[in-house]
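Q: After the structure tokens below, expect a handful of questions from me.
The values are calculated or read from the model by the stated rules, or taken from the named source; none is laboratory data. This is a predicted model, so every value here is computed, not measured. Counting neighbours? That spans all protein chains shown, and the Cβs are built from the backbone with ideal geometry, glycine included. These accessible areas exclude ligands, DNA and RNA; they are computed on the full protein's heavy atoms, side chains included. Shrake-Rupley method; radii C 1.70, N 1.55, O 1.52, S 1.80 Å.
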Amino acid sequence: MIRLFFALGSVLAGLAVAVGAWSAHSSALNEIQALWLEKAVRYQIIHALALLATSLLMASHATPSKTAVAAGVSFLGGCLCFCGSLYVMAFSSIDAGLVTPAGGMLFLLGWACLACCAPKFALDRQVLCRLVLRL
């Protein structure tokens with residue numbers, strides 16, 4: 001799961017940058033579509049970075065905690081539901097607005113799970129060196 005979360009976090013961050021750059025220079029969007037894309041890109045990049053942080057947290061332990069795995073899965077699900085629904089509404093005439101709050105709840109759950117991992121996480125120089133060498 002560590003490598004999967006790291007890879008997906010990297011891909012999600014890259015896609016957010018690409019969509020953000022395209023939407024900033026596109027004249028094919030109306031004002032509402034541009035706002036939906038801006039919000040989707042912002043939340044996607046934040047939670048892609050959170051997913052990367054989760055993977056690094058998991059890599060710092062010999063056995064990743066279930067709470068950290070739950071945080072990563074929640075961030076992924078939140079990106080899919082929250083950002084995905086905003087992308088669907090921006091690029092089509094489908095009203096996916098009912099899915100958006102579910103994605104927001106998954107984001108909140110991910111942050112709560114990550115906060116629960118904090119007491120177990122202590123990063124020292126040896127752990128940091130091991131992390132860098134492992135990736």
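Q: Measure nothing but the geometry: give the 0 to 90° angle between the long axis through the Cα atoms of 2-25 and the longest principal axis through the Cα atoms of the chain, rounded to 10°.
A: Taking the Cα atoms of the chain, the angle to 2-25 is about 30 degrees.
Q: Percent of accessible area on the chain owned by carbon and sulfur, 1.4 Å probe? Intermediate results must be reported in sequence, preceding the final value.
A: Numbers: 5620 of 7890 Å².
Result for the chain: 71 percent of the exposed heavy-atom area is carbon or sulfur.
Q: Moving on to the next point. What's the local net charge at Pro101, with K and R +1, D and E -1, over the other residues with C-beta under 15 Å away? If you can, show how the numbers build up before the last one.
A: Details: positive: Lys39; negative: Asp95.
Here the charged neighbours net out to 0.
Q: Please work out the FRET efficiency for the pair Ser26 and Val99, using the Cβ-Cβ distance as r and a Förster radius of 35 Å; give the result to the nearest 0.05. Each step should come with its number before you reach the end.
A: Values: r = 24 Å, r/R0 = 0.68.
Computed FRET efficiency for Ser26 and Val99 comes out at 0.90.
Q: Accessible area per residue, 1.4 Å probe, Å², for the chain: what's the number?
A: That works out to 58 Å² for each residue.
Q: How would Lys66, Lys39 line up by accessible area, probe 1.4 Å, largest first?
A: Numbers: Lys66 180, Lys39 85 Å².
Sorted descending by solvent-accessible area, the residues read Lys66, Lys39.
Q: Would you kindly find the accessible area of Trp36, with a 1.4 Å probe and non-protein molecules such as ligands, DNA and RNA excluded, rounding to the nearest 10 Å²?
A: 80 Å²
Q: Can you show me the helix-derived [θ] at 222 nm for the chain, built from DSSP H runs with n ≥ 4 at -39,500 (n - 2.57) apiece and divided by the number of residues, rounded to the nearest 500. Walk me through the numbers before you get to the answer.
A: Working: 6 runs with 102 residues, N = 135.
Computed mean residue ellipticity for the chain: -25500 deg cm²/dmol.
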